[in-house]
Ligand SMILES: [Zn+2]
């Protein structure tokens, strides 16, 4: 059978094991930041609301490009608000 794209074959061979991280939704992308969608197993402090991001809750990891030490874990809705504050289109 024809197969044009041979990318990430391991992922497709394990359909029952979803990746623990994925590309962020398009609305969450902001210039100058790397944004990832993750399901973490630890608690994090969300800088948007200063509350805990609970283990196992899918949320967003935001890393300023060139500043990996400044990575922050945001509730999805808090980052959505932050995007608006930054002047994004979300
Ligand atoms: Zn929050």
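If the Cβ limit is 7 Å and pairs must be 6+ apart or interchain, which residue in the range 67-84 that is over 18 Å from residue 40 (Cα atoms) pairs with which residue that is more than 9 Å from the ligand (Cβ to nearest atom) and not in a helix (DSSP H, G or I)?
Partner pairs satisfying both residue conditions: 80/90; 83/30; 83/90; 84/90.
Output the residue which, of all residues in the range 55-90 that are assigned to a loop (DSSP other than H, G, I, E, B) and over 18 Å from residue 32 (Cα atoms), is nearest to the ligand (Cβ to nearest atom).
Taking the candidates together, the pick is 75.
Considering only residues that are within 15 Å of the ligand (Cβ to nearest atom) and in contact with a strand residue (DSSP E or B) (Cβ under 6 Å, 6 or more places away or on another chain), look in the range 38-54 and name the one that is nearest to residue 77 (Cα to Cα).
48
The numbers here are math on the coordinates, done by the rules we state, and not lab data. Keep in mind that this is a model prediction, so the values were computed, not measured. For neighbour counting, all protein chains shown are included, and Cβ atoms are generated from backbone atoms with ideal geometry for every residue, glycine included.
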